[in-house]
Ligand SMILES: C[S@@+](CC[C@H](N)C(=O)[O-])C[C@H]1O[C@@H](n2cnc3c(N)ncnc32)[C@H](O)[C@@H]1O
């Protein structure tokens, strides 16, 4: 195995799929030091991204098999929980960064926004109304209404750093809404890629060295 120090070394395989460009763009705004949350993390592509950027991550989902693989990742703690039924598992806790992608459960949205620390950064991206013409999800319960994330973030007292809604063609045609919002007086650069990197001691298992790239930002295939 090839030893690599002080570099961000990451391939899509190791991240459990390609992180969303939206999350990659804003992840570096999350303040250092606290714990971040990847809510409904699935395979954990964003939990892994956050971990490799040097953040402590809690990754929550009900999918036991996905969490089992994620639990082996340095810097990631997994929480198996039903995020929709029963008690809210994050009661009384706050997170310096919250990432949610491709997931919406409206009844818990206010509680989720309240769990953003001060200072803290929320990065959210999921499908919106109209997506049914492209495929799933098509149930309106799982689709944001026009401008909904924007309104919810402002109602929660967050400052909106970036918001977009509309059609994307990759990774598949879909109608999405994306938000990055900040709580508190956070002086984080908008225009610099994330550079905090966890030192990686060796080429990750199962990743061919030819597939590995090194730089200040995680490189994805
Ligand atoms: C479409 S996947 C998105 C995964 C990940 N955020 C991503 O974008 O790669 C939705 C995730 O929500 C999780 N999920 C759905 N309902 C849930 C619930 N009631 N409690 C916990 N997790 C749930 C699923 O297990 C799944 O991993």
Among the residues of the stretch 116-130, is any in a strand (DSSP E or B), under 21 Å from residue 17 (Cβ atoms), in contact (Cβ under 8 Å) with a residue 40 or more places away in the chain and away from the ligand (no atom under 12 Å from the Cβ)? no
Take the stretch 59-77 and flag every residue that is within 18 Å of residue 112 (Cβ to Cβ) and touching a helix residue (DSSP H, G or I) at 6+ places or on another chain (Cβ under 8 Å). 59, 61
Members of the stretch 1-39 that are within 12 Å of the ligand (Cβ to nearest atom), modelled with pLDDT of 95 or more, touching a helix residue (DSSP H, G or I) at 6+ places or on another chain (Cβ under 9 Å) and not in a loop (DSSP other than H, G, I, E, B): 23, 37, 38, 39
Looking across the stretch 40-77 at residues that are more than 14 Å from the ligand (Cβ to nearest atom) and in a helix (DSSP H, G or I), the single one that is surrounded by the fewest Cβ atoms within 10 Å (Cβ to Cβ) is 51
Looking at 116, 144 in this structure, which one is farther than 25 Å from residue 167 by Cβ and buried (at least 20 other Cβ atoms within 10 Å of the Cβ)? 116
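The values are calculated or read from the model by the stated rules, or taken from the named source; none is laboratory data. Because the structure is a prediction, the values reported are computed rather than measured. Counting neighbours? That spans all protein chains shown, and the Cβs are built from the backbone with ideal geometry, glycine included.
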